[in-house]
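The values are calculated or read from the model by the stated rules, or taken from the named source; none is laboratory data. Everything quoted here is computed from the prediction, not taken from an experiment. Don't worry about glycine lacking a Cβ; one is built from the backbone with ideal geometry, like all the others, and counts go over all protein chains shown. Side chains included, ligands, DNA and RNA excluded: accessible areas come from the protein's heavy atoms. Shrake-Rupley method; radii C 1.70, N 1.55, O 1.52, S 1.80 Å.
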Protein chains: 2
Amino acid sequence: MNNFKFWSPTEFVFGRNTISNLGSLMKKHNATKVLVHYGGQHAERSGLLKDIENILQNEFIEYIKLGGVQPNPLDTLVYEGIDLCRKENVNFILAIGGGSVIDSAKAIACGVSYGGDFWNFFEGTVTINRALPVGTIVTIPAAGSEGSDSMVITKSDGMLKRGAGSPFIRPVFAVMDPVLTFSLPPEQTANGIADMMAHIMERYFTQTKGVELTDCMCEGALRAIIKEAPVVITDPENYDARANIMWAGTIAHTGICGVGREEDWATHKLEHELGALYGVAHGAGLAVMFPAWMNYVYTSGLDRFVRFAVNVWEINNTGDKKEMALKGIKALKDFFISIGLPVDFRGLGAKKSDIDKLIEKLSINTGGSLGNFRKLDMEDARAIYLLASQ
Amino acid sequence: MNNFKFWSPTEFVFGRNTISNLGSLMKKHNATKVLVHYGGQHAERSGLLKDIENILQNEFIEYIKLGGVQPNPLDTLVYEGIDLCRKENVNFILAIGGGSVIDSAKAIACGVSYGGDFWNFFEGTVTINRALPVGTIVTIPAAGSEGSDSMVITKSDGMLKRGAGSPFIRPVFAVMDPVLTFSLPPEQTANGIADMMAHIMERYFTQTKGVELTDCMCEGALRAIIKEAPVVITDPENYDARANIMWAGTIAHTGICGVGREEDWATHKLEHELGALYGVAHGAGLAVMFPAWMNYVYTSGLDRFVRFAVNVWEINNTGDKKEMALKGIKALKDFFISIGLPVDFRGLGAKKSDIDKLIEKLSINTGGSLGNFRKLDMEDARAIYLLASQ
């Protein structure tokens with residue numbers, strides 16, 4: 001087991017009608033002037049935004065609104081948010097939505113407190129050392145950004161999709177009402193499931209030995225997701241299933257599933273290029289790229305893939321490790337298909353002929369190497385994209 | 001699934017030589033005058049106390065020392081600590097040890113900030129609403145107090161052993177070096193293992209439905225402990241096994257294994273009377289009381305016990321639920337025996353003839369009822385003590 005630090009100070013307020021806690025949560029964090037940040041029409045049409053405005057008004061908390069966050073959130077809106085916060089002396093950011101909105105809020109929060117261009121954080125040239133407090137009202141269980149220390153933003157100039165992180169951007173609270181997720185369409189629900197599973201698998205596939213507890217927790221969380229996923233797809237108003245999936249999205253990305261080991265994250269980087277080039281949903285992109293990555297790297301750590309097959313997918317132990325590993329990968333792929341996810345370029349609307357373009361960007365964004373389970377160069381990446389395109 | 005709040009703001013700094021982080025952690029929490037709180041000779045003889053004093057001196061942080069915390073920590077030392085902190089204007093408490101020392105430190109921390117008798121918190125007449133910050137250096141993996149919001153103190157007058165809790169007493173940091181646990185004797189190691197398993201099982205045995213994720217995480221954590229336990233007993237300097245057991249002690253009691261459901265805690269209350277009357281090690285008492293409690297209540301939730309048998313102990317599904325449930329309970333008992341734990345009154349040095357006395361105290365401490373999986377009255381409690389005494 002490797003040494004680690006784990007710090008997850010977010011206050012999670014989970015369950016039916018927990019929005020009623022919003023006023024006291026805002027007061028606790030001395031919010032007096034708030035940027036309410038959200039996506040598109042859903043927050044408005046559902047009445048959620050209006051409810052939140054009423055709560056803020058009743059608590060005499062001033063606020064301004066900035067909507068329009070899109071999937072694969074753009075730097076342009078972050079710049080707009082930073083300017084707005086400075087102009088209006090905002091001291092708290094309230095994000096209403098899923099990972100895109102929360103990531104955009106995090107980027108604004110650390111950008112406001114920084115004199116230079118916030119994109120420096122994403123170029124890795126400057127370390128984040130403070131941020132405005134961010135609170136979240138989660139409406140899409142997927143990215144786990146409500147409990148994570150990371151964010152991903154796409155630079156519209158050049159479509160560079162990059163991540164950055166800091167303990168300072170962990171949200172101070174997350175209000176999570178599973179009922180708010182009842183109206184998510186099956187496609188978005190499935191994308192979220194792929195995203196949270198990917199967050200666990202990026203941590204699970206490691207060469208670090210002696211991390212039994214973290215392994216067992218990863219496997220447990222994956223099994224719970226696999227059990228609840230078909231329920232939320234076929235019975236979208238099943239409260240308990242929605243609640244388990246929602247909490248799983250958070251658990252998958254607080255870091256608790258990764259402590260004590262080297263994580264991988266190659267698949268996320270491979271997917272980010274698809275997101276940047278085509279604007280595909282992150283979860284759908286991951287559902288395509290994870291099995292492809294697995295098929296390419298599994299011989300570099302056969303025992304880990306056998307364990308994945310047995311403990312997550314209940315594949316029988318036949319003694320033939322290679323066969324078992326491949327059955328585990330196939331089980332994952334079949335599971336993605338069963339909940340309506342794409343598992344190849346075609347399903348995603350991506351083109352084999354764009355692989356050169358993907359590799360070019362990937363090379364810029366990663367410096368030419370990625371992954372830890374197996375260190376990959378751009379030839380490896382090309383081979384994985386090819387596997388995904390077949 | 002029930003609504004819940006989960007907040008675990010402790011910063012865990014885990015691994016070899018992590019004590020080197022102590023200075024910066026203390027500065028981060030503005031510690032200028034520290035009470036160093038510890039148990040007996042181990043901290044002194046091992047050189048750990050001296051190392052810590054050197055770090056504080058190098059950082060120019062003033063400190064005073066209060067040792068002498070015993071297993072089943074007493075109110076008398078808490079009063080002494082409170083007086084000392086007030087007299088010396090202490091603004092930070094550093095606990096070096098396991099659950100007893102950390103609990104004693106927590107009680108001092110909230111007692112200092114309260115005008116009345118700190119025991120009021122344990123009588124439930126007053127709510128804790130602030131406390132001095134507590135940092136911990138963990139040397140015994142067992143109670144998980146380094147990451148929990150609870151504490152247990154024994155009142156020497158009448159030997160009342162009681163718990164209290166508050167978010168305000170969660171430690172601000174925990175330095176956890178598994179190497180510090182290499183020297184723990186097998187008996188104390190096993191007691192710790194029983195304690196952490198009990199913390200998970202008190203949460204796992206619930207009548208709340210629809211908590212699949214939390215169930216899977218409990219089962220995963222139990223499986224990891226069961227796998228690593230024999231290793232730490234037979235090979236006490238096995239770093240990875242010690243590390244997994246140490247982290248399991250924390251995970252077992254942060255609350256993450258209990259979110260979304262009603263917890264039980266009857267067994268802890270039954271054990272507390274054994275601890276108060278005989279001064280038995282908490283883990284040993286739990287190893288005796290848990291199987292007895294299970295044998296008494298399992299018919300009140302057979303499916304839960306079947307799941308425990310199958311998912312934790314890999315008992316074959318024969319279709320005979322009662323038989324499977326009993327096999328699971330027997331597997332737990334056999335496991336406790338295999339790592340040298342007592343599983344009955346005799347092994348604990350407790351006497352059947354004292355059951356009246358135990359019930360009398362239990363009645364005072366619980367108001368006559370305990371548990372949630374099955375609501376128990378004093379006649380039930382008597383029957384469970386009888387089962388444990390056979």
query: Got at least one residue in region B:175-184 being surrounded by fewer than 24 Cβ atoms within 10 Å (Cβ to Cβ) and closer than 30 Å to residue A:249 by Cβ?
result: no
- prompt: Inside region B:1-24, can you point out the residues that are open to solvent by 10 Å² or more (accessible area, probe 1.4 Å) and under 28 Å from residue B:86 (Cβ atoms)?
  reply: B:9, B:11, B:24
message: Which numbered condition in (1) open to solvent by less than 40 Å² (accessible area, probe 1.4 Å); (2) within 9 Å of chain B (Cβ to nearest Cβ) is the only one that residue A:253 fails?
response: (2)
- prompt: Failed condition for residue B:315, given (1) within 12 Å of another protein chain (Cβ to nearest Cβ); (2) farther than 30 Å from residue B:174 by Cα; (3) part of a loop (DSSP other than H, G, I, E, B), with all others met?
  reply: (1)
task: Starting from region B:1-22, keep only residues that are facing chain A (nearest Cβ under 7 Å), then list their pairs with residues that are in a strand (DSSP E or B) and among the hydroxyl-bearing types (Ser, Thr, Tyr) whose Cβ atoms are within a distance under 8 Å, requiring at least 6 positions of separation or different chains.
output: B:7/A:10; B:8/A:8; B:9/A:8
- request: Check whether at least one residue in region A:34-52 is open to solvent by 70 Å² or more (accessible area, probe 1.4 Å), modelled with pLDDT under 95 and either among the charged types (D, E, K, R) or under 30 Å from residue A:209 (Cβ atoms) (or both), and report yes or no.
  value: yes
query: Which residues, taken from region B:205-241, are farther than 20 Å from residue B:372 by Cα, more than 7 Å from chain A (Cβ to nearest Cβ) and open to solvent by less than 10 Å² (accessible area, probe 1.4 Å)?
result: B:222, B:225, B:229, B:232, B:241
Output for region A:117-128, where each listed residue is assigned to a loop (DSSP other than H, G, I, E, B) and modelled with pLDDT under 95: A:124, A:125
task: Mind listing whichever residues of region A:215-238 are within 20 Å of residue A:143 (Cα to Cα) and either assigned to a loop (DSSP other than H, G, I, E, B) or hydroxyl-bearing (Ser, Thr, Tyr) (or both)?
output: A:236
Output for region B:56-78, where each listed residue is open to solvent by less than 40 Å² (accessible area, probe 1.4 Å) and not aliphatic (A, V, I, L, M): B:67, B:72, B:73, B:75
- line: Expected single match for over 26 Å from residue A:382 (Cα atoms) and either at pLDDT 95 or above or crowded, with 17+ Cβ neighbours inside 10 Å (or both) among A:312, A:297, A:306 is A:312
task: May I ask you to list the residues in region B:227-247 that are in contact (Cβ under 8 Å) with a residue 60 or more places away in the chain, under 21 Å from residue B:343 (Cβ atoms) and among the hydrophobic types (A, V, I, L, M, F, W, C)?
output: B:229, B:233, B:245
statement: Within region B:97-109, restricting to residues that are of a type outside the set (A, V, I, L, M, F, W, C) and not in a strand (DSSP E or B), the one that is most open to solvent (accessible area, probe 1.4 Å) is B:100
field: Hey, residue A:169 under 15 Å from the mean Cα position of the chain (by Cα) and facing chain B (nearest Cβ under 10 Å) or not
entry: no
- prompt: If you take the residues in region A:256-269 that are touching a Ser or Thr at 6+ places or on another chain (Cβ under 8 Å) and more than 12 Å from chain B (Cβ to nearest Cβ), which one is surrounded by the fewest Cβ atoms within 10 Å (Cβ to Cβ)?
  reply: A:262
- prompt: Within the group A:366, A:318, which residue is modelled with pLDDT under 95 and surrounded by fewer than 16 Cβ atoms within 10 Å (Cβ to Cβ)?
  reply: A:318
message: Please determine whether any residue of region A:233-247 is closer than 25 Å to residue B:249 by Cβ and either modelled with pLDDT of 95 or more or among the charged types (D, E, K, R) (or both).
response: yes
message: Condition (residue is crowded, with 20+ Cβ neighbours inside 10 Å and of a type in the set (Phe, Trp, Tyr)) applied to region B:79-96: is it met by at least one residue?
response: yes
task: Would you mind finding the one in A:325, A:331 that is touching a residue at least 12 places away in the same chain (Cβ under 8 Å) and touching a Leu at 6+ places or on another chain (Cβ under 6 Å)?
output: A:325
message: Can you find, within region A:154-174, the residue that is least open to solvent (accessible area, probe 1.4 Å) among those that are modelled with pLDDT under 95 and in contact with a Leu (Cβ under 7 Å, 6 or more places away or on another chain)?
response: A:154
- prompt: Among (1) in a helix (DSSP H, G or I); (2) surrounded by 24 or more Cβ atoms within 10 Å (Cβ to Cβ); (3) at pLDDT 95 or above, which single condition is residue B:272 missing?
  reply: (3)
- prompt: Of all the residues that make up region A:140-153, how many are surrounded by fewer than 23 Cβ atoms within 10 Å (Cβ to Cβ) and not small (Gly, Ala, Ser)?
  reply: 1
- request: Can you confirm whether region A:110-120 contains a residue that is of a type in the set (Ser, Thr, Tyr), under 30 Å from residue A:201 (Cβ atoms) and open to solvent by less than 50 Å² (accessible area, probe 1.4 Å)?
  value: no
query: Mind checking whether some residue in region A:278-300 is in contact with a Leu (Cβ under 6 Å, 6 or more places away or on another chain), without any contact (Cβ under 8 Å) to a residue 40 or more places away in the chain and either in a helix (DSSP H, G or I) or over 21 Å from residue A:228 (Cβ atoms) (or both)?
result: no
statement: Selection from region B:321-343 of residues in contact with a Ser or Thr (Cβ under 9 Å, 6 or more places away or on another chain), more than 17 Å from residue B:282 (Cβ to Cβ) and either polar (S, T, N, Q) or open to solvent by less than 80 Å² (accessible area, probe 1.4 Å) (or both) yields B:324, B:325
statement: Among helices (runs of 4 or more DSSP H) entirely within region A:11-78, at least 3 residues that are among the charged types (D, E, K, R) and out of contact with any Ser or Thr (no Cβ under 7 Å at 6 or more places or on another chain) occur in A:48-58
- request: Return the pairs, sorted by first residue and then second, in which the second residue is open to solvent by less than 10 Å² (accessible area, probe 1.4 Å) and among the hydroxyl-bearing types (Ser, Thr, Tyr), the first residue lies in region A:211-226 and is under 10 Å from residue B:217 (Cα atoms), the beta carbons are less than 7 Å apart, and the residues are 6+ apart or on different chains.
  value: A:218/A:204
query: Hey, among A:142, A:194, A:198, which residue is in contact with a Phe, Trp or Tyr (Cβ under 7 Å, 6 or more places away or on another chain) and under 30 Å from residue A:120 (Cβ atoms)?
result: A:198
